[in-house]
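Novice: Below: one structure in structure tokens.
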Amino acid sequence: MNKDVEFLKNFFKHSSENVIITDYDFNIIWCSSGELSSCLKGKSCRGIFENADSINESGKYFVRLSGLVYECSIIKYPGEDGGIYVIQMGNDDVLFSFIKCSVIQEFIVNRSAAVRHAVTGISVSGNKIYESLDKSSLKNEKMYLNIAMGNCYKLLKSSMDMSELVRYTDGSIESRCIDLSRTLGEFARICNDLMRGQKKVNVDYQPDLFIKADADRLTACLLSMVVLSGGGDNSMIVISAERIGSSVSITVSGCKSETSSRPCKHSAFSEMYQDNGIRPECSILDRFCKEFGGTLYAADEAGQNKSYSIRLPYCDDEPEPIFRSDQSRYSENKFSCYHIALSEIVDIDYYR
């Protein structure tokens, strides 16, 4: 069997997929990827299978790593002194593998456009109703318009996440050196302005932190980290950043403060498969890391605060000057990515 294992190791080290060789108890004998090996954090990979005891034959199965679901092929390789499993796993999670198909991309873009078109029509009608209510001095009734528009934000959020993943396939990414310290300060200010005390973002970062990334993709990544960490009863979101050697670490954690967050008045949605659902925000974080050379760390244990951390290479280039004002941009555009993303965890009032 040892000769067979050596042959398989030499054979699969040339594979474009991640390959793990284990015994029948899923104890790891060899792994082709150092990154995957460190992610498994142990001698056994039994825990990544949703039902490892049901694996009896070769076939297609699914595993879960850091909130992402991957499809894998398992070859059951028998031997005289104990058999082995050869597990072949793709580099992309099932959601992104799905989106990479050009037909699916076109479908997503068309459906997103249809949602935006419908929401535009609703907002135009809402503006007319708002004007009528204002003239009639019916101030309390304006609340229902905000509820309607709040649910429009939720519609846009569902399509925005999928469209964000498409951005990693359409050649639109433009990497440049970004002053992360300045970006995080502006990011927290915009979030706190929009959330208006319902939840609070605190930042703690070192000066002169520079990374190389696409500015819009970084914003989408940070918003995804905030949504993942700041949901539920968490009323405080802490963003910290520091330089560690040749890397920059960004960590976002959610926590409860003495003042609990108030319940949302907009329609709350509880996923049918909440415990095992695929979160598109996790895919967005994963794609950001893979695109810009980062590593994702997630701590999402039951009953504990959710925490997500990204480590990116430090950039020595000179940051490019920015000739626009984020403050006016996001205050004037009520359908900005900030409004839409944050609507997932707080009430974002369209009318104030």
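Novice: Keeping all protein chains in the complex and leaving out DNA, RNA and ligands, what accessible area do you get for GLU174 with a 1.4 Å probe, in Å² to the nearest 10?
Specialist: Around 140 Å² of this residue is reachable by solvent.
Novice: Now, a different point. Which Cα, out of TYR351, LEU218, TYR338, lies furthest along the positive dipole direction of the chain (beta carbon charges, K/R +1, D/E -1)?
Specialist: TYR351
Novice: Then there is this: May I ask you to list the residues of the range 14-41 whose amide nitrogen lies under 16 Å from a point 7 Å from Cα along the Cα→beta-carbon direction of GLU6?
Specialist: Within reach of a label on GLU6, which here means backbone N under 16 Å from a point 7 Å along Cα→Cβ, the range 14-41 contributes 30.
Novice: How many percent of all Cα-Cα pairs in the range 41-81 sit more than 16 Å apart?
Specialist: Everything past 16 Å amounts to 42 percent.
Novice: If you don't mind, there's one more thing I want to ask. Please report, ordered by residue number, every helix of the chain (full DSSP H runs) that is 20 Å or longer along its axis going by C-alpha atoms and whose mean Kyte-Doolittle hydropathy reaches 1.0.
Specialist: The qualifying helices are 215-229.
Novice: Calculate the FRET efficiency for TYR351 and VAL109 from the Cβ-Cβ distance with a Förster distance of 35 Å, rounded to the nearest 0.05.
Specialist: Calculated value: 0.75.
Novice: Report Rg/Rh for the range 111-221, rounded to two decimals, where Rg is the Cα radius of gyration and Rh the Kirkwood radius.
Specialist: Using Cα coordinates only, the ratio equals 1.08.
Novice: Okay, moving on. To the nearest Å, what is the center-to-center distance of the range 132-152 and the range 41-74, using C-alpha atoms only?
Specialist: Spelled out, the Cα-based centre of one part sits 50 Å from the other.
Novice: Sticking with this structure for a sec: Test of understanding: extend the Cα→C-beta vector of LYS13 to 7 Å, then name every residue of the range 78-115 with backbone N under 20 Å from that spot.
Specialist: 85-89
Novice: So if we plug the beta-carbon distance of ARG64 and HIS117 into 1/(1 + (r/R0)^6) with R0 = 41 Å, what FRET efficiency do we get, rounded to 0.05?
Specialist: E(calc), rounded to 0.05, equals 0.70.
Novice: Looking only at LEU223, LEU180, LEU133, which one moves most when the chain is put into a Gaussian network model with springs between Cα atoms under 10 Å?
Specialist: So, out of LEU223, LEU180, LEU133, the one fluctuating most is LEU133.
Novice: Give me the number: length gained by fully extending ARG196 to GLU141, i.e. 0.36 nm times residue separation minus the C-alpha to C-alpha distance, one decimal in nm.
Specialist: Using 0.36 nm per residue and subtracting the Cα-Cα distance, I get 17.7 nm.
Novice: Please compare each pair in LYS3/LYS41; LYS9/LYS60; LYS200/LYS306; LYS154/LYS334; LYS306/LYS334; LYS199/LYS256 to a cut-off of 19 Å on the Cα-Cα distance and tell me which ones are over it.
Specialist: Too far apart for the 19 Å limit: LYS3/LYS41; LYS9/LYS60; LYS306/LYS334.
Novice: Same structure, new question: In vacuum, with every alpha carbon of the chain counted as one equal point scatterer, what does the Debye formula give for log10 I(q)/I(0) at q = 0.06, 0.09, 0.10, 0.15 Å⁻¹? Two decimals, please.
Specialist: Results for the chain at q = 0.06, 0.09, 0.10, 0.15 Å⁻¹ read -0.27, -0.59, -0.71, -1.36.
Novice: Mind checking the per residue accessible area of the range 1-144 for me, 1.4 Å probe, whole number of Å²?
Specialist: I get 61 Å² per residue for the range 1-144.
Novice: With the alpha-carbon atoms as the only input, what is the per residue convex hull volume for the range 136-194 in Å³?
Specialist: 137 Å³
Novice: Still on this model: How many angstrom lie between the Cα centre of the range 189-239 and the Cα centre of the range 4-25?
Specialist: Cα centroid of the range 189-239 versus Cα centroid of the range 4-25: 41 Å apart.
Novice: Could you work out Rg/(2.2 N^0.38 Å) for the range 1-145, with Rg from alpha carbons only?
Specialist: Scaled against compact globular proteins, the figure is 1.77.
Novice: Based on C-alpha coordinates, I'd like the Rg and Dmax of the range 40-110, in Å.
Specialist: Rg and Dmax of the range 40-110, Cα atoms, are 15.4, 56 Å.
Novice: Something else now. Give, in nm to one decimal, the length gained when the segment between ASP317 and SER246 is fully stretched (0.36 nm per residue of separation minus the Cα-Cα distance).
Specialist: Separation in residues times 0.36 nm, less the Cα-Cα distance, equals 24.2 nm.
The values are calculated or read from the model by the stated rules, or taken from the named source; none is laboratory data. It should be emphasised that the depicted structure is a prediction, and the values quoted were computed from it without experimental measurement. Every residue, glycine among them, receives a Cβ derived from its backbone with ideal geometry; neighbour counts consider all protein chains shown. Heads up: the accessible areas ignore ligands, DNA and RNA and are worked out on the full protein's heavy atoms, side chains in. Shrake-Rupley method; radii C 1.70, N 1.55, O 1.52, S 1.80 Å.
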